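Asks: Got a structure for you, written out below as structure tokens; questions coming shortly.
The values are calculated or read from the model by the stated rules, or taken from the named source; none is laboratory data. Since we're looking at a predicted model, the values are computed, not measured. Counting neighbours? That spans all protein chains shown, and the Cβs are built from the backbone with ideal geometry, glycine included. Remember, those area values only see protein heavy atoms, side chains included, never the ligands or the DNA or RNA. Shrake-Rupley method; radii C 1.70, N 1.55, O 1.52, S 1.80 Å.
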Amino acid sequence: MEKKYSLLFEGLIDERRTIDEVKMNLKELFGISQENINLMFRSGEKTLIKHGLSYAAAIDGKTSFEKSGALCRIVESFEGKEVQSLDVSFHSLSTEKFPAPGSFPLAQQNFYYQRAMKFLWTVILLMMLSLILILIFCLKSLPFNISDMPTEGVTVLGTFSILFFLLCLYSAWLLWQPVLTFSEQGIEQKLTRFFRSDFVAWHSIQGMSVAEQSYKGKLQRTVKLIISSDQGKNREWIFAIDALDGGEDAIAILRKMVPEKKSQDFFRRLELLKPLQIETVCYRDIEVTREGIFRKGEKIIWDRITSLTTESLVIAGYGSVAVRYTGGVNELIIKSSSKKEYLDCIRLILSMARNATVDPGIIGMLEYPPAAAKKDNYAIFLLVAGIPLALGGLVILLFYPPTVGSTWLYPLLLIPLALVPFVWTLKLLSARFQGGTAGSSRKIIAATFFNLGTVLSVAILFSLSPSSFLWLMADTAALT
């Protein structure tokens, strides 16, 4: 059965139009009543403009509707009580023909990593070397000879080593598979979820940004896709286009199928977020004015700015922003801070650099409260501090059991008491990239449980077997 699509309006308009002009156009072009128009622009309101459309009809309808200056997006058809529904009749307008499912201009294409063989063997050798180094380090750090280890302990250690080696082989095999597959339905990415591929339809990709950076004289481009679901949650895909064999073809297809996000595309969201009433911001050694950006005697006018991107993946706090421009040094890195001046600096740059390609992650960063960003940093600190603690606890649980037969039993305590809170913390931290609303206090609690889980596991061992504690103290005294 053919999929059906809907047009969803969420209160956004073309920044070149006024809201009164858009309302008048909606009334005159589509005959929408004034009462319904007022409901459409009520804060937080979602309006189903048209539903039950084919993909091609949804594209034509979106183009027709946006002639009014109101912006909508295509979603898979759904019935939701949280939205009001209109049945707008579109005028027959001459629109540009867009590719739709079933009419993709090219046959299915697979894109692989460049120099796959060299990269493959490099990864295999590095992983095997890291395994050997880890084993040597662990054995050298033990307070007794390996020959003194119980048979069960050797079995557990050997099992983990074999599993790690098989994981290395599987990772190497993945590198031989297509990284990206373009088809008439959408894009499939093989490496994002490791054990299964990730697929997104063309209509769910809301936009993209392409960041260009020169590294050792070679231009490197990173593509970020922002993907929306029917539930209003967003997530991101990030990949280096120049690492692909045939990357030029891949980026040409993406630019044809997906619009690049400019600063003006987010201008309405910035206005709704917080009206910007300042004209000058001084942050560290940077001064941002209506004329441009001033730094160490250099003036960067707004027309020279080509892109704004986050410098790296940000899972806590705020990330640094890279401003790339033509002429001069070509790149300005604005270091992150949780201060108000930093956020105002980025927002003023976004409002003025209208022709620059914008990383959607920057907009999500600006929508994130400063208090929550600070708490996220605390959660990250606890998470990092808990990793060596967990490794130390694992060594104690492995090599100081009360009996030979329980060698394998006590390390299993770390799974519910430490590993589960660790995964829970990572899930909560990543929720900000998927439209989630996880509270920052929950992240700190989860990271604290991760640390306490290791301590509790060791405490259970010592409470059930005081001799294990005495054994550990004796070995520690012998080493010192």
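Asks: How long is the gain from ARG284 to SER463 if the chain were fully straight, where each residue apart is worth 0.36 nm and the alpha carbon distance is subtracted?
Replies: Full extension of this stretch gives 59.0 nm more.
Asks: Please report the net charge: other residues with Cβ closer than 9 Å to the Cβ of SER440, K and R +1, D and E -1.
Replies: Local charge sum for SER440: +3.
Asks: Modelled label-to-label distance, LEU456 and ILE301, 7 Å Cα→beta-carbon offset: nm?
Replies: Going by the 7 Å Cα→Cβ label model, 6.3 nm.
Asks: Then there is this: Counting Lys +1, Arg +1, Asp -1, Glu -1, what net charge surrounds GLN108 among other residues with beta carbon under 11 Å of its beta carbon?
Replies: That sum, taken over residues with Cβ under 11 Å, equals -2.
Asks: Further question: Take ASP198, ASP14, ASP20 and sort them by solvent-accessible surface of the protein heavy atoms, 1.4 Å probe, largest at the top.
Replies: Order by accessible area, largest first: ASP20, ASP14, ASP198.
Asks: Which FRET efficiency value, to the nearest 0.05, is calculated for VAL384 and GLU66 with the Förster distance at 60 angstrom and r the Cβ-Cβ distance?
Replies: The computed FRET efficiency comes out at 0.85.
Asks: Quick check: with the 1.4 Å probe, what order do LYS427, LYS50 take by accessible area, largest first?
Replies: From most exposed to least exposed: LYS427, LYS50.
Asks: Which FRET efficiency, nearest 0.05, do ASP475 and LEU391 yield, Cβ-Cβ r, R0 22 Å?
Replies: 0.80
Asks: How many nm is it between the label spots at PHE294 and ILE238, if each spot is 7 Å from the Cα in line with the beta carbon?
Replies: 3.3 nm
Asks: Once label points are set 7 Å from the Cα along Cα→Cβ at both GLU184 and ALA56, what is their separation, rounded to one decimal in nm?
Replies: Using points 7 Å along Cα→Cβ, the separation is 1.1 nm.
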